[in-house]
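Peer 1: Can you read through this structure? Questions will come right after.
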Amino acid sequence: MGQSNLNGVGFTTDATVTGNSAADTLVLTGGVTILVIGVETITGSAGSSVVDFVTLGSDGNTTLVRALETLIGDVGTDVITLGSAGSTTLVSALETLIGSVGTNVITLGTMGNTMTVSLLKTLVGGSGTDVVTLGSAGNTMTVSRVETLVGGSGTDVVTLGTSGNTTLVSGLESLLGGVGVDVVTLNDIGSTIAVYSIETVIGGAGTDVVTLGSNGVSYLGWGVEFFKAGGAGGTTQLILGSMGNTATVSLITTITGGAGTDVVTLGSTGVTTRAALLETLTGGGGTDVVTIGSAGATMQVSLLETLTGGVGTDVVTIGSIGATMLVSLLESLTGGVGTDVVTIGSAGSTTLVSLLET
């Protein structure tokens, strides 16, 4: 039978242990199931095959724990700090969990949890709904199966676990996907975040600025106000969701619209990109070179320097502010109310033109 020892006093397993001084230390031996109230330090039993199951009392606890396999809080506020040797622990119903310099691998219980965590290496959600806030010191960690993840005031770099995740996030600086399918929704307060290998990014009601990793990955996104590619020399493919989008897109090499009406403005640095299934495309302050996708397009364009059609039928209208543009391989080109100066490319084109000044 397992034993416990509080400040030198022995208890059997299944006991209730209540602290009796300002700084109580409880050492477990042999594996125990025990209720603990008001103890400042709990150390689990030694040995990899020994399991301790500790439930905390309902008045709330501020406790340092080491080497526990299972720790369950109660209705009070429980603030738990993990020992420096690292822990692999199943926890439930805790309000605050603080890691240490060791490797801490934490799994959340199945009833759902709302908690603040700091300095953990790995956090795995349970089958319930888990709402996790990261502590303010900044965190670098792996997270799996958590429904809501909120960053703190520090810099938070989170990698999603390999099983695939559907997560609502806010306040994170960087989010890296795993090998599974990851669907990330941004909170309504607005986000500025870099994402890498995330399959779907959905914006919230606020203004969202999303940097997409330039690693050849295809991203599905909608409801985001600003998309840009990160890194030099890579390729990024953005597919816009079917609800329709109004977005500024920078340095992305392929942009594909959805079934809704997509109004896209290119960022100010200039880009060479392929665009398909967009209704409106406006260039930025730099030099923009656009090739239309092979499915054909009916599109209004403005402020582009070069526009090349694809193998489909491309029907292009120039916006009202006027344009100076090099065009090739378009089937139809209609000018706007401004002054449009169009040069036909050297490859040869058969184009129906109207309302052009030059």
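Peer 1: Gly296 versus (1) surrounded by 13 or more Cβ atoms within 10 Å (Cβ to Cβ); (2) on the phi < 0 side of the Ramachandran plot: which is the lone unmet condition?
Peer 2: If we test Gly296 against (1) surrounded by 13 or more Cβ atoms within 10 Å (Cβ to Cβ); (2) on the phi < 0 side of the Ramachandran plot, just (2) comes out false.
Peer 1: Right, another one. Just one of (1) outside any strand (DSSP E or B); (2) modelled with pLDDT under 95 trips up Ala259, so point out which.
Peer 2: It fails just one condition, (2).
Peer 1: Considering Thr236, Thr159, which residue is surrounded by 17 or more Cβ atoms within 10 Å (Cβ to Cβ) and at pLDDT below 95?
Peer 2: After ruling out the rest, the residue left standing is Thr236.
Peer 1: Sticking with this structure for a sec: Going by the structure shown, is Val150 crowded, with 22+ Cβ neighbours inside 10 Å, among the hydrophobic types (A, V, I, L, M, F, W, C) and in contact with a Gly (Cβ under 8 Å, 6 or more places away or on another chain)?
Peer 2: no
Peer 1: Would you confirm, using the coordinates I've provided, whether Val146 is among the β-branched types (Val, Ile, Thr), part of a loop (DSSP other than H, G, I, E, B) and either modelled with pLDDT of 95 or more or touching a strand residue (DSSP E or B) at 6+ places or on another chain (Cβ under 6 Å) (or both)?
Peer 2: yes
Peer 1: In region 29-52, what residues are touching a strand residue (DSSP E or B) at 6+ places or on another chain (Cβ under 8 Å), without any contact (Cβ under 8 Å) to a residue 40 or more places away in the chain and more than 15 Å from Ile80 (Cβ to Cβ)?
Peer 2: Thr29, Gly30, Val32, Thr33, Ile34, Leu35, Ala46, Val51
Peer 1: Specify the residue that is modelled with the lowest pLDDT; the eligible residues are those in region 1-40 that are among the small types (Gly, Ala, Ser) and not in a loop (DSSP other than H, G, I, E, B). Full working, then the answer.
Peer 2: Filtering region 1-40 for residues among the small types (Gly, Ala, Ser) gives 2, 4, 8, 10, 15, 19, 21-23, 30-31, 38.
Narrowing further to those that are not in a loop (DSSP other than H, G, I, E, B): 4, 10.
On the way: Ser4: 74, Gly10: 64.
Filtering region 1-40 for residues that are among the small types (Gly, Ala, Ser) and not in a loop (DSSP other than H, G, I, E, B), the one modelled with the lowest pLDDT comes out as Gly10.
The values are calculated or read from the model by the stated rules, or taken from the named source; none is laboratory data. Note that the structure is predicted; figures quoted are calculated from it, not measured. Virtual Cβ from ideal backbone geometry, glycine too; neighbours counted across all protein chains shown.
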